[in-house]
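Down below is the structure, laid out as structure tokens.
The values are calculated or read from the model by the stated rules, or taken from the named source; none is laboratory data. Keep in mind the model is a prediction, meaning the values are calculated, not measured. Cβ sites come from the backbone with ideal geometry, for glycine too, and all protein chains shown count toward neighbours.
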Amino acid sequence: MAAALAEDHDLYGPVIDPPGAEPRFDRVEDPAAVRLEAAIPYNPPKSVIFPQAERIMSYTYDRAARRAEIVRDDHVRPKALVGLRACDLTGLLCLDRFFLGQEFVDEVYRDHRKKLFVVANSCVRPFPQCFCVCTDSGPAAREGYDVNLTEAGDDYLFEAGSVKGEVLARRLGLKDAGPGAAALKARIGEAAVARFDAEATQNKAWISRVMNRVTTGFVSNDIWEYIGDQCFECGACSFVCPTCSCFNIEDVAARSGQTDRLRSWDSCSYEGYTRMAGDHNPRQPVEDRRNKRFFCKLSYSQSRKYLRPGCVGCGRCVRVCPGDIGMSNVVTYIRREIAKEGAE
Amino acid sequence: MSTHSGVCNFCGTGCGHLLHVDDGAVKGVFASPGHPMSRGRLCVRGWHIHELLATEDRIFAPLIRRNGRLEQASYDAAISHAAERLSRYAGDEIAFLASPRASNEDNYLLAKLARTVFRSPNIGLASDQGHGDAADVLLEGAGLPAMLGALTEIRRAKLILVVGADIARLNPIVGSEIHLAARNGAELISLSSRRTQIAKLSRRHLWLNPGTLRHALAAVAKVMVERGWEDRAFLGSRTAGFEEFSRYLAGLDLGSLTAASGLTAAEVEDLARRLAGAGSAMAFFSSGISGLDRGSVALLYDLFLAAGQVGREGCGVNPVTGICNIVGSYDVGAGPRFLPGYRRAEGPAAGRTPRELLAADPTPLKASLVADRDEEIVRHAARIRELECLVLVGAFNTPFLEFAHVVLPAATYAETDGTYTNTERRIQLNRRKIDPPAGVRPAWRIYADLAAKLGAAWDYASAEDVMKAIAAEVPAYSAVTYARLEKDFGLQWPCDDRHPGGTARLSVDDLPGPLKFVGGPADLPAPAVSGDYPFLLMAGKANYFWHRNNIMKKTHIPKREYNALLLLYPKGFVELTAADAARVGVRDRSAVNVVSAGGSMRVAVRVSEDVKPGTAYVPYFIGDMVPGFLNARGFSLDEDQDSVIPVRLEKA
């Protein structure tokens, strides 16, 4: 399947390179290098359609004539992203809703997205860092894919989720799985969920209770200061998060004489992120920036643009944080406060 | 694949990263989860190194100054011109300034060029305050002139003492390791004059009076020995010189030491007890961008030695370098005072650094070859302008070009092979990932070309060849090869026949002789306030160092972040407590004159509870502050990190 996709797409998927390394999403030339069985790759797949740094247009300005000539960048190639686990797939849906589902439609993202073929890989077991069952984003992929694969013994159940998926199925000559397939997929999903207690041990996070608390705003400032003290202001949580979409635009004069407009990842953990002209900064202290992040993910009023919670339970922020303030820890701190109040 | 493993080129932590290369250019960076030390973390700088590598604000062609203007030339013409001009000078007329960010290969050949071709011992290293002192003390005391512990063992330390450094900002991932160790139960104690982020995260912050670190360390050592808490078994079997150290301590007055330090007797005693009783303990201090003076390092080392916290797992006295290859520069002989392999440069081999030569008035210096020179603040600008021949080798465009007569563009670290040695002695290989701009050469090749012009035919076909030469001359590198470096995430020196896999940390079972007490400083003057100058002003270099670093200006996000404070306080700031500000009659953002015996400056007030009452803090990065206020007084930030000036504050 990967080989077929590779014929007319740039292929991306989880790879383990060199052998023994941690899995990561990367471009692959050889379809055999895609490792579907790999654990959650360290980096999120969003860079495929929302690159870390991207030139979105360039222009030359004729000062005398007072006229700018603008060239939209048309560099987007068809890409196939194989091996998206349910959490990352849900992240993709959040980005779709953010960039395409609001009043302003992001043309650059839309261009990437339309040329993307998505092959999801429903999880049959959790990894230690997972908590998608807490964020209703797995382990089985539900929607938004062109193809979904579910490992069933030696085979994979292949589900087409779109016309593109159906076309691929016919091209590969796949045979119908029969009437029991849906029930089989459901059983596999239940078996996966049942394994969370024993195997997904690192990040149990009872998010729903905390979402309620964060939404209604009753989290004391002490907690945010406790979290803020531990923030190293590195931005990593935003960069590894499958749903984070904040970006910075910068115009850079190129040697050739034109000016390039660059879009690059940004992070609300940075002090300069919300600073405005006139130097007013509504979130200057670090604790205010931290509470913004968790409101964005957990508060109903901010996450409703995603039509679901803003966290997908992938556990990456926990691993990458130099402090100890990944999602599951923050949820724990807030829950402790709720519990303390309950005891009073 | 389009992502390739490499090592960050900013600070001395040397985190692993993955560079995303597409279409011959670096387009992104990601943290490398497999790196044994950084384990998938990066700081704001590391997360944006791709912005630096993508910049077109570079030097693309060799330049020669003619009739006051820099004009393009060929490498051959520029190198010939530079060689001919530089060779006119001798003795203290000529000096070389190496870059702490350049590779071992670059710096080894620069040092070789200076010493063997120009026959000049005058080599210095930019942004290197204090590391030489730390190396000196640790060499004398432990035979290992760098971090005694290993960063990978931080999680095994039972007690961690952070001395002075705002480590969470200087080397964030080292700060992270320390913080996570504390969250897992390690006792974290900060000893500093300012309440830094790591101090806020510490179980105990021992809040020192400015300029009294030596007093505090001496007091703790004295109490430890007076109470008999020192590790006698260890001292008896593994060390030499303890009796002399005891006598030194006995001659000190505990009461006045404690009083000067601003700590309570209970705090001093508590630290002594904990340090002596901890199963393992590490000390961290900044070295390089900002460093402790020799006396402080000596006392810290002797204190840890007395407590038996040297040479075991989870132990160490650990200078943390702020720039990626300060340690390597010293290893290969490009730092002042040491030849390659840490042979002390003595007699005619002991040269003077460009900084020392320029500080003399009049200066004998007439010519210099300078690499990179990232630090924007130029002291002695007038004297540098008077130089007859200044040759600059570097990759990035820099305002320093205005001083140069010949400019030779170099490749960036992603455009050439090279090794860099981080603060825990880990030699790491960065492979070339992209091509340099057309015709641009790596710095090591430029030095070889200069040597060739002057009749010295070196034979290095590649950076790897240079490493072979380094391995042959530097004993601690003798078993290092590119192949071995590439197999894992580098090797920590000493890496020789006895330690083919490298050496994570100093180990008591592996010592050629006893560990030696180095001895404390003879005098311990405490900064004094007076009626005229009732405040103690701390001038801090490390926190905002990267703000005044030229390469940071080539980025977007880090540049924005380092600028954050400057936008709020465009003319600089002095931190005061709210109570002190009220007493002076000023408030946040209002102007104040800071007056010392040697001069005054006008800055804005920044109210902060991170300084002690009666003290003030000024970051060195503000425009005219260094050449103006600080240098005018004869005060030099080249001294210890805890540099202190008595001042008074007047509402402006």
### Query
Quick one: residue B:81 ticks every box in (1) assigned to a helix (DSSP H, G or I); (2) more than 15 Å from residue B:450 (Cα to Cα) bar one, so which box is it?
(2)
### Query
Going by the conditions given, is residue A:253 more than 10 Å from every other protein chain (Cβ to nearest Cβ), without any contact (Cβ under 8 Å) to a residue 12 or more places away in the chain and closer than 28 Å to residue A:57 by Cβ?
no
### Message
Kindly evaluate residue A:300 against the criterion of being of a type in the set (Phe, Trp, Tyr) and closer than 22 Å to residue A:100 by Cβ.
### Response
yes
### Task
Run down B:548, B:583, B:589 and say which single residue is surrounded by fewer than 20 Cβ atoms within 10 Å (Cβ to Cβ) and either more than 13 Å from chain A (Cβ to nearest Cβ) or closer than 23 Å to residue B:167 by Cβ (or both).
B:583
### Query
Failed condition for residue A:76, given (1) outside any helix (DSSP H, G or I); (2) within 25 Å of residue A:27 (Cα to Cα); (3) modelled with pLDDT of 95 or more, with all others met?
(3)
### Message
Just the residues that are under 17 Å from residue A:254 (Cβ atoms) and either among the β-branched types (Val, Ile, Thr) or more than 12 Å from chain B (Cβ to nearest Cβ) (or both), please, taken from region A:25-58.
### Response
A:56, A:57, A:58
## Note on the structure
The condition of being more than 14 Å from every other protein chain (Cβ to nearest Cβ) and over 29 Å from residue B:548 (Cβ atoms) holds, among B:102, B:77, only for B:77
### Query
Among the residues of region A:270-316 satisfying the criterion of being basic (Lys, Arg) and surrounded by 21 or more Cβ atoms within 10 Å (Cβ to Cβ), which is nearest to residue A:140 (Cα to Cα)?
A:316
### Extreme residue, farthest from residue B:455 (Cα to Cα), among residues of region B:100-127 that are in a loop (DSSP other than H, G, I, E, B) and not hydrophobic (A, V, I, L, M, F, W, C)
B:127
### Summary
Taking region B:5-23 and keeping only residues that are touching a residue at least 40 places away in the same chain (Cβ under 8 Å) and within 16 Å of residue A:53 (Cβ to Cβ), one is left with B:19, B:21
### Task
Could you tell me which of the residues A:304, A:261 is in contact with a strand residue (DSSP E or B) (Cβ under 6 Å, 6 or more places away or on another chain), more than 19 Å from residue A:227 (Cα to Cα) and among the basic types (Lys, Arg)?
A:261
### Criterion: under 26 Å from residue A:246 (Cα atoms), in a strand (DSSP E or B) and either at pLDDT below 95 or within 11 Å of chain B (Cβ to nearest Cβ) (or both) - qualifying residue of A:12, A:61
A:12
## Note on the structure
A careful count of residues in region A:89-120 that are modelled with pLDDT under 95 and of a type in the set (S, T, N, Q) gives 1
### Query
Which condition breaks for residue A:17 when tested against (1) buried (at least 22 other Cβ atoms within 10 Å of the Cβ); (2) within 11 Å of chain B (Cβ to nearest Cβ)?
(1)
### Message
Suppose we filter region B:613-652 for residues that are at pLDDT below 60 and surrounded by 21 or more Cβ atoms within 10 Å (Cβ to Cβ); how many remain?
### Response
3
### Task
For residue A:288, state whether it is of a type outside the set (Phe, Trp, Tyr) and within 10 Å of chain B (Cβ to nearest Cβ).
no
### Task
Return the residue satisfying two criteria in turn: it lies in region B:160-210 and is touching a Gly at 6+ places or on another chain (Cβ under 8 Å) and part of a strand (DSSP E or B), and of such residues it is farthest from the other protein chains (Cβ to nearest Cβ).
B:191
### Summary
Residues of region B:450-497 being of a type in the set (Lys, Arg) and either touching a residue at least 40 places away in the same chain (Cβ under 8 Å) or farther than 17 Å from residue B:328 by Cβ (or both), in sequence order, are B:453, B:487
### Task
May I ask you to verify whether residue A:96 is buried (at least 24 other Cβ atoms within 10 Å of the Cβ), part of a helix (DSSP H, G or I), assigned by TED's automatic domain parsing to the domain that holds residue A:1 and not aliphatic (A, V, I, L, M)?
no
### Query
Within region A:57-83, can you find the residues that are of a type in the set (A, V, I, L, M, F, W, C) and buried (at least 19 other Cβ atoms within 10 Å of the Cβ)?
A:80, A:81, A:82
### Task
Might you let me know whether region B:161-181 holds any residue that is surrounded by fewer than 24 Cβ atoms within 10 Å (Cβ to Cβ) and over 28 Å from residue B:47 (Cβ atoms)?
no
### Message
Which residue is surrounded by the most Cβ atoms within 10 Å (Cβ to Cβ), if the candidates are limited to region B:551-572 and must be at pLDDT below 90 and more than 12 Å from chain A (Cβ to nearest Cβ)?
### Response
B:572
### Task
For region B:121-138, indicate whether the set of residues that are within 14 Å of another protein chain (Cβ to nearest Cβ), within 27 Å of residue B:643 (Cα to Cα) and aliphatic (A, V, I, L, M) is non-empty.
no
### Query
Among the residues of region A:228-242 satisfying the criterion of being under 14 Å from the mean Cα position of the chain (by Cα) and at the interface with chain B (Cβ under 7 Å from one of its Cβ atoms), which is nearest to residue A:334 (Cα to Cα)?
A:236
### Query
Residues of region B:491-537 being touching a strand residue (DSSP E or B) at 6+ places or on another chain (Cβ under 6 Å) and not in a loop (DSSP other than H, G, I, E, B), which ones?
B:491, B:492, B:515, B:516, B:535, B:536, B:537
### Task
Hand me the list of helices (runs of 4 or more DSSP H) wholly inside region B:237-306 holding 1 or more residues that are of a type in the set (Phe, Trp, Tyr).
B:242-250, B:294-306
### Summary
All-but-one check, residue A:245 against (1) among the polar types (S, T, N, Q); (2) in contact with a Leu (Cβ under 7 Å, 6 or more places away or on another chain); (3) within 11 Å of chain B (Cβ to nearest Cβ), failing number (3)
### Query
Which one is nearest to residue A:232 (Cα to Cα), of the residues in region B:21-39 that are crowded, with 24+ Cβ neighbours inside 10 Å and at the interface with chain A (Cβ under 9 Å from one of its Cβ atoms)?
B:31
### Task
Name every residue in region A:256-279 that is more than 10 Å from chain B (Cβ to nearest Cβ) and under 23 Å from residue A:238 (Cα atoms), in order of residue number.
A:261, A:263, A:268, A:274, A:276
